[in-house]
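Engineer: Here it is, the structure, as structure tokens.
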Amino acid sequence: MRYVVAGALLRERAGGGRELLLAQRSYPPEVAGLWELPGGKCGPGETRAAALERELDEELDVRVVAGAPLTEQVRLREDLLLVAHWAELVAGTPRAVEHQDLIWVDAAELAALAARGALVPADTAWLPELTVALDVR
Ligand code: C5P
């Protein structure tokens with residue numbers, strides 16, 4: 001089994017509450033323009049945590065430490081499983097190196113994007129877990 005690992009980065013929003021980082025895909029055409037948790041494929045022999053830390057360095061130019069996995073996993077293909085981990089930002093400010101754009105969203109903004117079909121379909125599996133994390137005060 002190969003893995004694609006995506007990162008859920010949270011931060012405190014000025015004025016209260018939390019927000020989640022989403023990245024807008026630029027390829028392939030089926031998902032270009034849609035928002036996702038940034039990440040990518042694990043290399044051979046690479047742990048999921050190491051792959052996430054490498055991918056977010058490459059894609060966002062940040063140093064993160066991978067934390068616990070989210071519960072939901074999504075079978076993308078017979079041999080490819082999409083997983084997500086919470087990630088802690090330790091250095092840098094995210095910038096869109098490979099994506100079209102980045103946004104930080106609260107629970108209501110995440111729900112609004114989902115409602116208009118603006119999330120990468122597979123990533124909607126994490127909506128309940130992400131919403132709970134964003135709603136915690
Ligand atoms: O980002 P990358 O192209 O390496 O992702 C590999 C596969 O995983 C693609 O099919 C992509 O659509 C999918 N993916 C996803 N959700 C993410 C990250 C990747 O469905 N958050």
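Engineer: Taking amide H positions as placed 1.01 Å from N in the peptide plane, with prolines and chain starts having none, which residues 5 or more places from Leu119, or on another chain, fall under 5 Å of its amide H?
Structural biologist: Amide H to amide H, under 5 Å and 5 or more residues apart or across chains, Leu119 pairs with Trp35.
Engineer: Still on this structure, I have one more. With r defined as the distance between the Cβ atoms of Ala96 and Ala68 and R0 fixed at 22 Å, what FRET efficiency is calculated, to the nearest 0.05?
Structural biologist: Values: r = 26 Å, r/R0 = 1.18.
The calculated FRET efficiency here is 0.25.
Engineer: Top mean-square fluctuation among Arg13, Arg25, Arg63, Gaussian network model of the chain, C-alpha springs under 10 Å?
Structural biologist: Taking springs between Cα atoms under 10 Å, the residue moving most is Arg13.
Engineer: So how far apart, in nm, are the two label points at Thr131 and Glu30 if each is 7 Å from Cα heading toward Cβ?
Structural biologist: Taking the simple label geometry, Thr131 and Glu30 are separated by 2.6 nm.
Engineer: Can you list residues from other chains, or at least 5 along the same chain, whose modelled amide H is less than 5 Å from the amide H of Ala96?
Structural biologist: Hits under the 5 Å cutoff: none.
Engineer: Under a 5 Å amide H to amide H cut-off, with H placed in plane at 1.01 Å, what residues pair with Gly67 once short-range neighbours are removed?
Structural biologist: Under 5 Å from the amide H of Gly67: Trp86, Ala87, Glu88.
Engineer: Note down the magnitude of the dipole of the chain about its Cα centre, charges +1 on Lys and Arg C-beta and -1 on Asp and Glu C-beta and zero elsewhere, to the nearest 20 debye.
Structural biologist: On the way: 14 positive and 22 negative charges, 24 e Å.
Computed charge dipole of the chain: roughly 120 debye.
Engineer: Right, here's the next one. Please identify the longest segment of the chain free of exposed GluC sites (Glu not before Pro), where exposed means a DSSP state other than H, G, I, E or B and no more than 13 other Cβ atoms within 10 Å. Intermediate values should be presented prior to the final figure.
Structural biologist: Details: sites that count: Glu30, Glu78.
No qualifying site falls inside 79-137, the longest such stretch.
Engineer: Moving to a separate point now. Apply the Karplus curve 6.51 cos²θ - 1.76 cosθ + 1.60, θ = phi - 60°, to the phi angles in the stretch 63-73 and return the couplings in whole Hz, x for Gly and Pro.
Structural biologist: 9, 10, 10, 6, x, 5, x, 6, 6, 6, 10
Engineer: Could you check what % of the DSSP bridge pairs in the chain are antiparallel, to the nearest 5?
Structural biologist: Numbers: 21 of 30 bridges.
About 70 percent, rounded to the nearest 5.
Engineer: Relative contact order for the stretch 2-135 using alpha-carbon pairs under 8 Å, separation at least 6, rounded to a whole percent?
Structural biologist: Details: 266 pairs, mean separation 42.1, N = 134.
The value is 31 percent.
Engineer: Distance from the Cα centre of the stretch 16-60 to that of the stretch 83-120, in angstrom?
Structural biologist: 9
Engineer: Classify the chain as rounded, prolate or oblate from the Cα gyration tensor: take a ≥ b ≥ c as the square roots of its eigenvalues, call it rounded if a/c is under 1.5, otherwise prolate when a/b beats b/c and oblate if not. If you can, show how the numbers build up before the last one.
Structural biologist: Values: a/c = 1.39, a/b = 1.21, b/c = 1.15.
Rounded shape, in that the Cα axes give a/c under 1.5.
Engineer: Moving to a separate point now. Just to confirm a number: summing +1 for Lys and Arg and -1 for Asp and Glu over residues other than Ala96 whose beta-carbon lies under 10 angstrom from that of Ala96, what do you get?
Structural biologist: Details: positive: Arg95; negative: Glu59, Asp61, Glu98, Asp101.
That sum, taken over residues with Cβ under 10 Å, equals -3.
Here, each number is a calculation from the coordinates, and none is a lab measurement. Here the structure is a predicted model, which means the values were calculated and not measured. Backbone-built Cβ (ideal geometry, glycine too); neighbour counts: all protein chains shown.
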